[in-house]
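The values are calculated or read from the model by the stated rules, or taken from the named source; none is laboratory data. Nothing here was measured: the structure is a model prediction, and the numbers come from that model. Note that each Cβ is placed from the backbone with ideal geometry, even for glycine, and that neighbours are counted across all protein chains shown. Only protein heavy atoms, including side chains, enter the accessible area calculation; ligands, DNA and RNA are left aside. Shrake-Rupley method; radii C 1.70, N 1.55, O 1.52, S 1.80 Å.
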Amino acid sequence: MRITNISAYQVDLPLKEGRYSWSNGNFVETFDATVVEVETDAGITGFGECTPLGPAYLPAYAAGVRAGLRELAPKLIGLDPRDLGTLNAAMDAALRGHPYVKAPIDVACWDILGKAAGLPVYRLLGGAQMRRVHLYRAVSQQSPEEMAAKVTAYRKEGYTKFQLKVGGEADADIARIKACAKVLGPGDVMDADANTGWTMHEAARVVNGVRDVDVYIEQPCRTYEECLTVRRRTALPFILDENIDGLPILLRAISDGAMDAINLKISKVGGLTKARLIRDVAVEAGLAMIIEDTWGGDIVTAAIAHLAQSTPAEFLFAATDFNSYGTKDIAKGAPKRDKDGFMTAADRPGLGVELIREALGEPVLSVG
Ligand code: MG
């Protein structure tokens with residue numbers, strides 16, 4: 001089987017709530033998604049998607065996905081998409097870094113491998129380790145009262161896990177965490193994600209200010225070393241996200257005891273092939289994971305579901321159903337959140353999704 005054509009589509013994904021805000025005054029109102037279609041001479045087609053959280057979150061941006069694909073796609077024509085190791089080596093040889101550009105191609109080739117084998121991707125990634133995948137709800141940064149009201153509303157939608165967007169002014173963040181803690185129910189889980197927004201002294205103030213609250217602290221500061229310093233002065237459970245962008249830093253962080261859990265984003269590490277490696281190492285090291293992506297629509301949500309479903313249940317902290325945050329469907333067959341706040345990967349070959357062509361329009365790139 002050979003890759004004969006790689007196409008990309010640009011699609012806007014507006015938000016149901018109008019705006020998503022996080023640390024340092026960052027916000028997005030419409031997400032800029034890139035959908036990738038990989039065609040083969042066997043008549044099997046695979047789909048992938050990359051949707052960065054704007055240009056100021058990770059070293060990734062939406063137009064960069066398309067620019068990178070223009071560079072990379074011509075060098076992949078003729079390769080066998082089922083050989084994920086060869087494919088990833090070819091991508092890394094052709095373009096240094098830029099994992100977010102490679103992720104949608106890698107995911108599309110997993111989709112092809114699953115379709116060729118007649119198996120869902122979760123089976124190829126290790127098999128279903130749970131019946132359904134527990135979700136968390138990200139709570140956009142607003143006033144403490146508004147965020148607590150959102151948590152109350154999300155609980156009615158079935159969610160029991162919440163990730164508060166903090167990383168603002170320390171006193172306000174302490175108030176946000178305390179206000180949301182008051183509206184939680186028994187068994188609910190809360191994570192305060194600063195998204196690198198605090199300096200070390202601000203992080204120290206917040207972790208001291210909420211030391212009696214049952215809350216996880218996620219990625220307080222910009223650098224790994226700053227986060228490690230905060231980690232060593234708090235007893236609160238600790239998650240690293242932005243800094244854990246590949247295996248080398250994960251190994252160092254395991255050695256340093258730098259966290260209790262990681263946030264594993266598929267496009268941050270370059271696709272399902274590399275995410276699976278990190279997932280498996282994390283499991284062996286006893287680290288739980290939030291499995292998700294920077295953002296996305298139906299295709300990203302499907303890829304998340306397959307990776308999460310094949311992760312040992314005790315190590316899956318939560319996953320994300322990004323397709324329920326937006327107003328636009330881009331693929332049929334993607335998992336949908338159930339009334340209890342879970343989703344389930346499709347039990348169909350590959351990712352189990354089919355593009356809604358009219359939602360995508362004409363390709364902005366086609367190489368073959
Ligand atoms: Mg995070």
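Pick from 139, 206, 210: which is over 25 Å from the mean Cα position of the chain (by Cα) and touching a residue at least 40 places away in the same chain (Cβ under 8 Å)?
206
Can you confirm whether region 128-151 contains a residue that is β-branched (Val, Ile, Thr) and closer than 30 Å to residue 79 by Cα?
Taking every residue of region 128-151 in turn, none turns out to be β-branched (Val, Ile, Thr) and closer than 30 Å to residue 79 by Cα.
Going through 318, 359, 303, 282 one at a time, which residue ends up being assigned to a helix (DSSP H, G or I), in contact with a Lys or Arg (Cβ under 7 Å, 6 or more places away or on another chain) and at pLDDT 95 or above?
Result: 359 is the single residue among 318, 359, 303, 282 that is assigned to a helix (DSSP H, G or I), in contact with a Lys or Arg (Cβ under 7 Å, 6 or more places away or on another chain) and at pLDDT 95 or above.
Restricted to region 306-315, and to residues that are touching a helix residue (DSSP H, G or I) at 6+ places or on another chain (Cβ under 8 Å) and in a helix (DSSP H, G or I), which residue is surrounded by the fewest Cβ atoms within 10 Å (Cβ to Cβ)?
315
Out of everything in region 142-170 that is open to solvent by 20 Å² or more (accessible area, probe 1.4 Å), touching a residue at least 40 places away in the same chain (Cβ under 8 Å) and away from the ligand (no atom under 16 Å from the Cβ), what residue ends up being nearest to the chain's Cα centre (by Cα)?
Within region 142-170, the match that is nearest to the chain's Cα centre (by Cα) is 160.
Tell me, which residue of region 65-95 that is assigned to a loop (DSSP other than H, G, I, E, B) and without any contact (Cβ under 8 Å) to a residue 40 or more places away in the chain is least open to solvent (accessible area, probe 1.4 Å)?
Ranking the qualifying residues of region 65-95, first place goes to 95.
Within region 278-299, identify whether any single residue is touching a Leu at 6+ places or on another chain (Cβ under 9 Å), open to solvent by 30 Å² or more (accessible area, probe 1.4 Å) and either of a type in the set (Gly, Ala, Ser) or without any contact (Cβ under 8 Å) to a residue 40 or more places away in the chain (or both), and answer yes or no.
Yes.
Which residue, of 14, 52, is assigned by TED's automatic domain parsing to the domain that holds residue 360 and touching a strand residue (DSSP E or B) at 6+ places or on another chain (Cβ under 6 Å)?
14
Does any residue in region 101-112 that is outside the structural domain of residue 304 (by TED's automatic domain parsing) come within less than 6 Å, Cβ to Cβ, of a residue that is surrounded by fewer than 24 Cβ atoms within 10 Å (Cβ to Cβ) and among the hydroxyl-bearing types (Ser, Thr, Tyr) six or more places away or on a different chain, and which pairs are these?
106/273
With the condition kept exactly as written, say whether any residue in region 118-136 is in contact with a strand residue (DSSP E or B) (Cβ under 8 Å, 6 or more places away or on another chain) and within 16 Å of the ligand (Cβ to nearest atom).
Yes, some residue in region 118-136 is in contact with a strand residue (DSSP E or B) (Cβ under 8 Å, 6 or more places away or on another chain) and within 16 Å of the ligand (Cβ to nearest atom).
Before we move on, is residue 173 open to solvent by less than 40 Å² (accessible area, probe 1.4 Å), over 25 Å from residue 58 (Cα atoms) and at pLDDT 95 or above?
No, not satisfied.
Just the residues that are open to solvent by 10 Å² or more (accessible area, probe 1.4 Å) and either in a loop (DSSP other than H, G, I, E, B) or in contact with a His (Cβ under 6 Å, 6 or more places away or on another chain) (or both), please, taken from region 321-334.
327, 328, 329, 333, 334
Which of (1) within 16 Å of the ligand (Cβ to nearest atom); (2) touching a strand residue (DSSP E or B) at 6+ places or on another chain (Cβ under 7 Å) is the odd one out, the single condition residue 315 does not satisfy?
Result: residue 315 passes all but (1).
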